[in-house]
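J.: First, the structure itself, so that you have it in front of you.
The values are calculated or read from the model by the stated rules, or taken from the named source; none is laboratory data. What you are looking at is a predicted structure, and each value in this text was computed from that prediction instead of being measured. Note that each Cβ is placed from the backbone with ideal geometry, even for glycine, and that neighbours are counted across all protein chains shown. Each accessible area value is taken on the protein alone, full model and side chains, heavy atoms only, with ligands, DNA and RNA left out. Shrake-Rupley method; radii C 1.70, N 1.55, O 1.52, S 1.80 Å.
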Number of protein chains: 2
Amino acid sequence: MTEVLVAGVGATDFGEHPDRTGRELFAEARSLALERSTVSDTDLDALYYGNFLGATAEEQNHQAPLMAAGLAGPDLEATRVENACASGGYAVADAVRAIRSGDVDVVLVGGMERMTNLGTAATTATLAHAADAVHEVGAGVTFPGAYGLLADAYLERHDASHEDLAHVAVKNHANAATNPKAQYREEIDVADVLEAPTVADPLGLYDACPITDGAAAAVLVSPEYAAAQDLEPAAAITGSGRGTDALALQDRDDLTRTKAAEAAADDAYEQADIEPADVDLAEVHDCFTIAELLALEALGLYEPGEAASAARNGETTADGDLPVNLSGGLKAKGHPVGATGVSQLVELTKLLDGSHPNADAVPAATTGVAHNAGGTVATASVHVLEEVGA
Amino acid sequence: MTEVLVAGVGATDFGEHPDRTGRELFAEARSLALERSTVSDTDLDALYYGNFLGATAEEQNHQAPLMAAGLAGPDLEATRVENACASGGYAVADAVRAIRSGDVDVVLVGGMERMTNLGTAATTATLAHAADAVHEVGAGVTFPGAYGLLADAYLERHDASHEDLAHVAVKNHANAATNPKAQYREEIDVADVLEAPTVADPLGLYDACPITDGAAAAVLVSPEYAAAQDLEPAAAITGSGRGTDALALQDRDDLTRTKAAEAAADDAYEQADIEPADVDLAEVHDCFTIAELLALEALGLYEPGEAASAARNGETTADGDLPVNLSGGLKAKGHPVGATGVSQLVELTKLLDGSHPNADAVPAATTGVAHNAGGTVATASVHVLEEVGA
């Protein structure tokens, strides 16, 4: 399997950007990634770009050529990928595959979402386009409700409580506090989570990620190109997996497992020739606190039910055995949907190459994993990222 | 470059399907493709799926896992591609690339659009999401208007008239008349086109393609899989090219050329190791009559300005030297946006393997080309399809 190198990464601050268009946000992210990579934009062969709800937020579909505008690659191609909240992760996966195919050597991968201009109610309705319009949304389900059902199922099956979930939120806010790119940099405690207004029982306000504007980008290259150009890659993508499940929860056998992520992880690990035990840190899709537990179990980092006790025992904090979402995660760093999967790659790369403000927590880390999920994990991508030369 | 084989193709009738959901339409297309291919759905590795405006038409994004539902491939992955009206062509291009990467051997590629339920005015507004929301739509441009500007530029530059454009419409209606899948199977004459109400000067009602519901699918496989399973492939994809241009017309140097399609054609021909002179027939993106002329010139099949005289002289009719849009094209077969690029592959495959009702027009054809365009050709894909063993 051809290794794909990460030549550079970049991202905007995540948060509210009411005065900036999507194209402006993405231009900042791509410039930062190109600058770090030292790759000239005249060498770019392709853009793979993730966006979810641009048709609603900016009445703008067909964003790929717009996001490629101004780049000098003479035959630059541009393709948009949309798999709901996993759009960014699938853009990364398609970019990796493009390089593996031999068709291209230098790919800009990115994602962007503008959401805060819609307001909370319209955003929630628009996000629901990622669920089954007939069998879920037609019955009144939105994503807080759907993840509330998943949390109910998990807490009922396992020896776990809302307090365990609260530890996920507390940890991710603590990590975000030292990440200047993060939307919420205020620390919270378990009581804050448990006393917050209920959004969808058992989940409360602090169990949910915010609504966010932002963009992220990375320059991926083939080993041949990197060698010819004498690049100093920041990291290598050694595994890229995808998985799919039924869109609607009613069509799943088991609400306490996320089959799509399990399949994606199996693929990614096999390609990278690693085991879960080799993973030093993880960025996972914690759109709700329960989602982080499901992710860690799908990734094989904990047995079913044990991610809850891991959260309770602090095993996944910055100074725990397996730091998870050192960036702050979707929960506190923010979740600009189409950008999120790419942002995970950005954060992991910086954590591995030591340029992240939270990198001190993982000085010896060589292997990270990124887990991005669409809807209630009807789609998932998993990427294994390794330090170059590790 | 790894050759990719077309094991089977299928499509719904194109037209109005007010009582069928998108998932029902796609289920029909994929079943037909799987049946023809003789591939078991348990062997499917991946779905690449094109759709443009599902967020509006059915309030359904994240359609890829929905369209994969019920397929038995145990680790089936599913990814949606969106590049406006070229979404289907890019789904094909991504499917080809996936097989070339070595990641997968058996890929279902498809596309679907439901449009007629929106009505004409809402559809036109929604289609405009493929143009630049700030610099074009904000100034009042819709697609009929944008293609009217392209027609103006072309007719002014070259020795051509609206009557030349009319020949494109007449030809494509004639071809559709014998294609039972086509939406408009009534023949028209030049006077009908010239006397029709103006939509966007100089283009009239018969210069424009209809609004259409429909789905198309194909099963693509690696040569290794085809050999191991003793398949009888219907055709081979020997070239797959992509190109990008500025999204807004105001940012283009020359409105009489479509740079994105030229780049895509160059790539596809180089991969297939053919010249334009080797092309026996073409399915091109004639969303408006002018678009067919621009496409044929971008494909190098005619010099700039000469596609108009070719239309006038009948060179591209069913019994001409180079039959174009024997299916009826977008103009008369119909244009369910996300399905169109895949439908071109379906039609070309059937024309090459002799199973198309219009195949008698091209008994000796071995090489076809498919040209799919997004917006005013800000994105384009070009595929070269060859008879197996030719």
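J.: What is the set of long-range amide H partners of B:Glu77 at a cut-off below 5 Å, with H atoms built 1.01 Å from backbone N?
T.: Here the answer is B:Ala46, B:Leu47, since their amide H atoms fall under 5 Å of that of B:Glu77.
J.: May I ask you to derive the FRET efficiency for A:Thr2 and A:Glu195 from their Cβ-Cβ distance with R0 = 51 Å, giving the value to the nearest 0.05? Let's see the in-between values first.
T.: On the way: r = 51 Å, r/R0 = 1.00.
E(calc), rounded to 0.05, equals 0.50.
J.: Grab the beta carbon distance between A:Asp360 and B:Asn313, set R0 = 45 Å, and tell me the FRET efficiency rounded to 0.05. Working shown, then result.
T.: Numbers: r = 74 Å, r/R0 = 1.65.
Result of the calculation: an efficiency of 0.05.
J.: Okay, moving on. Between the alpha-carbon centers of the stretch B:130-173 and the stretch B:202-273, tell me the distance in whole angstrom.
T.: Going from one Cα centre to the other spans 20 Å.
J.: Okay, next question. Please report the Cα spread of the stretch B:135-239 along all three principal axes, rounded to whole Å, starting with the longest.
T.: Here the spans come out as 56, 38, 31 Å, largest first.
J.: Charges at C-beta only: +1 for Lys and Arg, -1 for Asp and Glu. How large is the resulting dipole of chain A about its Cα centre, in Debye rounded to 20? Spell out each step's value before the answer.
T.: Working: 20 positive and 63 negative charges, 180 e Å.
It works out to roughly 860 debye.
J.: Mind putting together the pair-distance distribution for the protein assembly as shown? All Cα pairs, 20 Å bins, whole percent per bin, short to long.
T.: Per 20 Å bin, starting at 0, the Cα pair percentages come out as 19, 52, 25, 4, 0.
J.: Give or take rounding to whole Å, what are the principal axis extents of the alpha carbon atoms in the stretch A:227-267, in descending order?
T.: 52, 15, 13
J.: Averaged across orientations, what area in nm² does the convex hull of the alpha carbons in the stretch B:208-353 project?
T.: Details: hull surface 39.0 nm².
Mean projected area for the stretch B:208-353: 9.8 nm², to one decimal.
J.: Calculate the translational D of the stretch B:72-157 in whole µm² s⁻¹ from Stokes-Einstein, where the hydrodynamic radius comes from the Kirkwood formula applied to all Cα pairs, the temperature is 4 °C and the viscosity 1.567 mPa s.
T.: Details: Rh = 15.9 Å.
So the translational diffusion coefficient is about 82 µm²/s.
J.: Where q = 0.08, 0.14 Å⁻¹, what log10 of I(q)/I(0) comes from the Debye formula for chain B, counting one point per Cα?
T.: Reported log10 I(q)/I(0), two decimals: -0.35, -1.14.
J.: Once you compute Rg and the Kirkwood Rh from C-alpha atoms, what is the Rg to Rh ratio for the stretch A:1-147?
T.: Values: Rg = 16.6 Å, Rh = 16.4 Å.
Radius of gyration over Kirkwood radius for the stretch A:1-147 works out to 1.01.
J.: What length, rounded to one decimal in nm, is gained on full extension from A:Glu224 through to A:Thr124, with 0.36 nm per residue of separation minus their alpha-carbon distance?
T.: 31.5 nm
J.: Taking +1 at the Cβ of each Lys and Arg and -1 at the Cβ of each Asp and Glu, which of A:Ala307, A:Thr289, A:Ile274 sits farthest along the dipole of the stretch A:248-330 towards its positive end, judged by Cα position relative to the Cα centre?
T.: A:Thr289
J.: Near B:Val190, within a Cβ-to-Cβ distance under 11 Å, what is the net charge of the other residues, with Lys and Arg +1 and Asp and Glu -1? Write down the numbers at each step before the final one.
T.: Details: positive: B:Lys171, B:Arg312; negative: B:Glu163, B:Asp164, B:Asp189, B:Asp192, B:Glu195.
Around B:Val190, the charge tally is -3.
J.: Something else now. Compute the acute angle (0 to 90°) between the alpha-carbon long axis of helix A:289-298 and the principal axis of greatest extent of the alpha-carbon atoms of chain A; round to the nearest 10°.
T.: Helix A:289-298 and the main axis of chain A meet at about 70 degrees.
J.: Moving to a separate point now. Nearest 20 debye, what's the magnitude of the dipole of the stretch A:19-89 about its Cα centre given +1 on Lys and Arg Cβ and -1 on Asp and Glu Cβ?
T.: Using only the charged Cβ atoms, the result is roughly 160 debye.
J.: From the mean inverse distance of alpha carbon pairs (Kirkwood) and the Cα radius of gyration, derive Rg over Rh for the stretch A:270-369.
T.: On the way: Rg = 12.7 Å, Rh = 13.6 Å.
Rounded to two decimals, Rg/Rh equals 0.93.
J.: Lysines within cross-link reach of A:Lys331: Cα-Cα under 23 Å, excluding same-chain residues under 8 positions apart?
T.: A:Lys171, A:Lys181, A:Lys259, A:Lys350
J.: Moving on to the next point. Considering every residue in B:130-142, what mean count of other chain Cβ atoms within 10 Å of its Cβ is obtained?
T.: Mean shielding by partner chains, rounded to a whole number: 3.
J.: Using protein heavy atoms only (no ligands, DNA or RNA), what is the total accessible area buried between A and B, 1.4 Å probe, nearest 100 Å²? Display every interim value, and only then the final one.
T.: Numbers: alone 14270 and 14290 Å², together 24570 Å².
Chains A and B together bury roughly 4000 Å² of accessible area.
J.: Using Cα pairs closer than 8 Å and at least 6 residues apart in sequence, work out the relative contact order for the stretch B:142-201, in percent.
T.: On the way: 44 pairs, mean separation 21.1, N = 60.
Dividing the mean separation by the residue count of the stretch B:142-201 yields 35 percent.
J.: Ordered by packing density, taken as the mean number of other Cβ atoms within 10 Å over each peptide's residues, highest first, how do B:262-269, B:306-313, B:88-95, A:155-162 rank? Don't skip to the end; give the middle numbers.
T.: Numbers: B:262-269: 24.0, B:306-313: 21.5, B:88-95: 32.0, A:155-162: 15.4.
Top of the packing list down: B:88-95, B:262-269, B:306-313, A:155-162.
J.: Then there's this: Got the B:Gln250 label distances to the other copies yet, label 7 Å along Cα→Cβ, in nm, shortest first?
T.: Those label-point separations list as 4.8 nm.
J.: Right, something else. With the contact rule set at Cα under 8 Å and sequence spacing of 6 or more, what percent relative contact order holds for chain B?
T.: Working: 996 pairs, mean separation 101.4, N = 390.
For chain B, the relative contact order is 26 percent.
J.: I need the Debye-formula profile for the stretch A:228-310: one equal scatterer per C-alpha, no solvent, reported as log10 I(q)/I(0) at q = 0.25 1/Å, two decimals.
T.: -1.33
J.: Just checking the output field for B:65-71: average partner chain Cβ neighbours within 10 Å of each residue's Cβ? If you can, show how the numbers build up before the last one.
T.: On the way: counts 16, 10, 1, 6, 8, 2, 1.
Mean shielding count: 6.
J.: When the dipole is taken about the Cα centre of the stretch A:282-390, and only Lys, Arg (+1) and Asp, Glu (-1) are charged at their Cβ, what size is it in debye, to the nearest 20? Walk me through the numbers before you get to the answer.
T.: Values: 4 positive and 14 negative charges, 78 e Å.
Using only the charged Cβ atoms, the result is roughly 380 debye.
J.: I need the calculated FRET efficiency for the pair B:Val388 and B:Leu205, taking r as the beta carbon distance and R₀ as 45 Å, to the nearest 0.05.
T.: Here the calculated transfer efficiency is 0.65.
J.: Sticking with this one: Using square roots of five times the C-alpha gyration tensor eigenvalues, list the equivalent-ellipsoid semi-axes of the stretch B:144-198 in whole Å, biggest first. List each step's numbers first, then the result.
T.: Working: eigenvalues 115, 28, 22 Å².
Result for the stretch B:144-198: semi-axes of 24, 12, 11 Å.
J.: Output the antiparallel fraction of DSSP beta bridges having both residues in chain B, as a percent to the nearest 5.
T.: On the way: 37 of 52 bridges.
In chain B, approximately 70 percent of DSSP beta bridges are antiparallel ones.
J.: Shifting gears a bit: Carbon and sulfur together cover what percent of the accessible area of chain B at a 1.4 Å probe radius?
T.: Values: 5550 of 12300 Å².
Roughly 45 percent, rounded to a whole number.
J.: Using alpha carbons only, what's the Rg to Rh ratio of the stretch A:14-92 with Rh from Kirkwood? Display every interim value, and only then the final one.
T.: Working: Rg = 12.8 Å, Rh = 13.3 Å.
Looking at the stretch A:14-92, the ratio lands at 0.96.
J.: So, in nm, how far is label B:Asp19 from label B:His135 when the simple model puts each one 7 Å beyond its Cα toward the Cβ?
T.: 4.8
J.: I would also like to ask the following. What average count of beta carbons from other chains do you get within 10 Å of the Cβ of residues in A:97-110? All intermediate terms of the calculation are to be shown ahead of the outcome.
T.: Numbers: counts 11, 6, 2, 6, 12, 6, 11, 2, 0, 0, 0, 0, 0, 0.
Rounded to a whole number, the mean comes out at 4.
J.: Between copies, how far does the label point of A:Ala227 sit from its twins, in nm, shortest first, when each point is 7 Å from Cα along Cα→Cβ?
T.: Spelled out, the distances from A:Ala227's label point are 2.8 nm.
J.: Next up: Take the Cα gyration tensor of the stretch B:109-186, multiply each eigenvalue by 5, square-root it, and list the three semi-axes largest first, rounded to whole angstrom.
T.: Details: eigenvalues 125, 111, 21 Å².
Output for the stretch B:109-186: semi-axes of 25, 24, 10 Å.
J.: Here's a follow-up. Fully extended, how many nm does the chain gain between A:Glu156 and A:Ala72 (0.36 nm per residue separation, minus their Cα-Cα distance)? Present the calculation step by step, with values, prior to reporting the outcome.
T.: Values: separation 84, 0.36 × 84 = 30.24 nm, distance 5.53 nm.
In short, 24.7 nm is gained.
J.: Still on this model: Just add up the charged neighbours of B:Ala86: K/R +1, D/E -1, any other residue whose Cβ is under 13 Å from the Cβ of B:Ala86.
T.: Details: positive: A:Arg80, B:Arg242; negative: A:Glu77, B:Glu82, B:Asp94, B:Glu113, B:Asp245.
Neighbourhood net charge equals -3.
J.: I'd like the antiparallel share, as a percent to the nearest 5, of DSSP beta bridges with both residues in the protein assembly as shown.
T.: Working: 77 of 107 bridges.
Of all bridge pairs located within the protein assembly as shown, approximately 70 percent are antiparallel.
J.: Once the label point is placed 7 Å from Cα along Cβ, list for A:Thr38 the distances to the corresponding points in the other copies, in nm, shortest first.
T.: From this label point to the equivalent ones elsewhere in the assembly: 5.5 nm.
J.: Could I ask something else about it? What accessible area per residue comes out for the stretch A:21-166, rounded to a whole number of Å², with a 1.4 Å probe?
T.: Working: 4250 Å² over 146 residues.
Ligands and nucleic acids excluded, the result is 29 Å² per residue.
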